[in-house]
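The values are calculated or read from the model by the stated rules, or taken from the named source; none is laboratory data. For clarity, every value in this text was computed on a predicted model and none was experimentally measured. A quick note on method: Cβ atoms are made from the backbone with ideal geometry, for glycine too, and the neighbour counts reach across all protein chains shown.
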Amino acid sequence: MRKPTIAGNWKMNLDRATALTLARTLREHVGTRDDVDVAVVPPFVWLAEVAAELEGSPLRVGAQNMCAHTEGAFTGEVSGSMLKGVGCHFVVLGHSERRHVYHETDAEIDAKVRRALDDGLDVTLCLGETIEERQAGATETVVRRQLTAGLAQVGKDEIARVTLAYEPVWAIGTGLTATPAQAGEVHQYLRGLAVGLFDDAVAASLRIQYGGSVKPSNAAELMAVDGVDGALVGGASLTADDFIPIIDFAR
């Protein structure tokens with residue numbers, strides 16, 4: 001049975017004191033429980049201190065992005081080995097904001113996935129369609145392209161280190177949320193694609209989160225859908241009052 005996974009993507013939010021207080025509060029709440037995997041994804045500048053605050057707890061720490069190169073003249077970039085060195089366990093790649101605001105291509109994301117795994121980091125690979133693509137009936141075409149490209153260099157023996165996050169772009173930061181039926185349909189489609197790319201056993205074990213305006217008021221309904229294995233949470237992960245109920249709904 002797949003263990004649910006809840007990750008809070010803090011994006012470019014929270015000052016140092018607030019970030020550390022939130023990490024401490026989450027650590028105290030989660031305790032030693034192992035019925036749900038909980039992670040936080042702070043801005044780069046707070047990664048080392050948040051990782052130190054959470055050391056020894058079951059909470060994992062992720063980075064919001066990384067470079068596809070190991071080192072060199074890449075001003076403003078951060079390598080996977082650097083992230084690993086400050087206590088990161090995984091990295092979020094292909095987030096809609098990286099794809100649509102910074103125009104990262106499928107090929108670039110594929111290269112980052114391969115580099116992350118080589119550098120000892122697990123990967124959360126984000127997939128999702130824009131409102132125009134959904135209205136055009138292209139949702140399956142888009143996520144198939146993104147998934148196939150993102151896993152192009154991932155071996156069957158490595159897929160356990162990858163978590164998928166289906167995040168419809170039209171539901172991120174807009175207050176809109178995919179209905180449970182819509183989320184379930186895409187999650188089921190992605191799992192079917194994994195059968196074709198790998199096999200039934202791999203697909204059955206693959207964890208697929210939902211991301212897109214997840215909040216306490218809709219988390220229970222979304223995570224009750226068969227095939228939804230948790231959530232990648234944005235704005236609602238910035239306060240303990242909002243994030244803790246979502247963690248508890250996933251139990």
Complete set of residues in the range 161-192 that are among the aliphatic types (A, V, I, L, M) and within 18 Å of G94 (Cα to Cα)
V162, L164, A165, V169, A171, I172, V186, L190
Would a scan of the range 112-129 turn up a residue that is buried (at least 16 other Cβ atoms within 10 Å of the Cβ), under 15 Å from the mean Cα position of the chain (by Cα) and assigned to a loop (DSSP other than H, G, I, E, B)?
yes
Report, by residue number, each residue of the range 186-213 that is modelled with pLDDT of 95 or more, closer than 17 Å to E129 by Cα and part of a loop (DSSP other than H, G, I, E, B).
none
Of those in the range 176-185 that are among the hydrophobic types (A, V, I, L, M, F, W, C) and closer than 19 Å to T141 by Cβ, the residue modelled with the lowest pLDDT is A178
Residue list for the range 214-251, filter: outside any helix (DSSP H, G or I), of a type in the set (V, I, T) and touching a Pro at 6+ places or on another chain (Cβ under 9 Å)
V225, V228
Hey, can you tell me all the residues within the range 76-91 that are within 22 Å of G56 (Cα to Cα) and either among the charged types (D, E, K, R) or out of contact with any Lys or Arg (no Cβ under 7 Å at 6 or more places or on another chain) (or both)?
S81, M82, L83, K84, G85, V86, G87, C88, V91
Within the range 49-96, track down each residue that is part of a helix (DSSP H, G or I), touching a strand residue (DSSP E or B) at 6+ places or on another chain (Cβ under 8 Å) and under 12 Å from G120 (Cβ atoms).
G80, L83
